[in-house]
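A.B. asks: Could you have a look at this structure, given as structure tokens, before my questions?
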Amino acid sequence: MAPTRTAKPRRARGADSARRAVLKRTTKETNICVDWTLDGTGRTHIKTPIPFLDHMLDLLGRHGFFDLTIKAVGDTHIDDHHTVEDIGIVLGDALKQALGDKKSIRRFGFASVPLDETLAQVTVDLSGRPYLVYNAQLPNRRIKDFDLYLFQDFFEAFVARGAFNLHINVLYGRNPHHIIEATFKAFARALDQATSLDPRVKGVLSTKGSL
């Protein structure tokens, strides 16, 4: 029997209940628009100047069951760094805004995802305290002309602006594409779990009473 997925609980309909963020950030280096609905179905529309980044961001939306639109342009004729990092910044801001008061969220999420010879494990805590642990050893630094090391900068920016704790551990892997792809799939599933609403959680899941 095929495994079933428990639907992500949704808030009641209402003007302030959508758990959605629409943000735009413009600098001299980049122009980025993000539309993110947490309680989605995995519909994505991703357009950046970096095809491999598009592929990873598409995985984030699809495997997290988020409705996610990202449109970005940047000074990639100079370097990809500004565009990759700034998308992380806007996604972090969007996550924080979409979560709102964080009432009834499960807060913690974990996923272990294999991709052929690779196994990636990701743990999320929507704690309000930004911290990244990134353990992903890559046998090669580049796929075509793209510097895979920039994904650490992406996650650092995402975590700092989203104010959450993220542990990424790739236990093993040989193919760099598989390593990064498994990481994004695991991150998506862990974030889906952490952002999901649980009717058993009254207020926020913290002894302090706030996140």
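A.B. asks: Do you know which residues across region 138-155 are in contact with a strand residue (DSSP E or B) (Cβ under 7 Å, 6 or more places away or on another chain) and polar (S, T, N, Q)?
C.D. replies: Kept after step one, since they are in contact with a strand residue (DSSP E or B) (Cβ under 7 Å, 6 or more places away or on another chain), are these residues of region 138-155: 141, 148, 152, 155.
Correct list: 152 only.
A.B. asks: I've got another one for you. Just the residues that are charged (D, E, K, R), farther than 28 Å from residue 207 by Cα, touching a helix residue (DSSP H, G or I) at 6+ places or on another chain (Cβ under 7 Å) and not in a helix (DSSP H, G or I), please, taken from region 68-116.
C.D. replies: 75, 80, 116
A.B. asks: A further question on this structure: With the structure loaded, tell me whether residue 183 is buried (at least 18 other Cβ atoms within 10 Å of the Cβ), within 25 Å of residue 72 (Cα to Cα) and touching a Pro at 6+ places or on another chain (Cβ under 9 Å) or whether it fails that test. Write out each step before concluding.
C.D. replies: Working: buried (at least 18 other Cβ atoms within 10 Å of the Cβ): yes; within 25 Å of residue 72 (Cα to Cα): yes; touching a Pro at 6+ places or on another chain (Cβ under 9 Å): no.
No, not satisfied.
A.B. asks: Here's a follow-up. Could you run through region 98-113 and say how many residues are of a type outside the set (Gly, Ala, Ser) and surrounded by fewer than 16 Cβ atoms within 10 Å (Cβ to Cβ)?
C.D. replies: Initial filter on region 98-113 (of a type outside the set (Gly, Ala, Ser)): 99, 101-103, 105-108, 110, 113.
Then drop every residue that is not surrounded by fewer than 16 Cβ atoms within 10 Å (Cβ to Cβ), which leaves 101, 103, 108, 110.
Count: 4.
A.B. asks: So residue 84 passes all but one of these: (1) closer than 16 Å to residue 157 by Cβ; (2) of a type in the set (A, V, I, L, M); (3) touching a His at 6+ places or on another chain (Cβ under 6 Å). Which condition number does it fail?
C.D. replies: For residue 84, the exception is condition (3).
A.B. asks: Failed condition for residue 128, given (1) at pLDDT 95 or above; (2) on the phi > 0 side of the Ramachandran plot; (3) over 17 Å from the mean Cα position of the chain (by Cα); (4) not β-branched (Val, Ile, Thr), with all others met?
C.D. replies: Condition not satisfied by residue 128: (3).
A.B. asks: Specify the residue that is surrounded by the fewest Cβ atoms within 10 Å (Cβ to Cβ); the eligible residues are those in region 136-175 that are outside any helix (DSSP H, G or I) and of a type in the set (Phe, Trp, Tyr). If you could, list the steps in order and put the result at the bottom.
C.D. replies: So in region 136-175, the residues outside any helix (DSSP H, G or I) come out as 136-149, 163-175.
Restricting the remaining residues to those that are of a type in the set (Phe, Trp, Tyr) gives 146, 149, 164, 172.
On the way: 146: 18, 149: 12, 164: 27, 172: 10.
Among residues in region 136-175 that are outside any helix (DSSP H, G or I) and of a type in the set (Phe, Trp, Tyr), the one surrounded by the fewest Cβ atoms within 10 Å (Cβ to Cβ) is 172.
The values are calculated or read from the model by the stated rules, or taken from the named source; none is laboratory data. Computed from a predicted structure; not experimentally measured. A quick note on method: Cβ atoms are made from the backbone with ideal geometry, for glycine too, and the neighbour counts reach across all protein chains shown.
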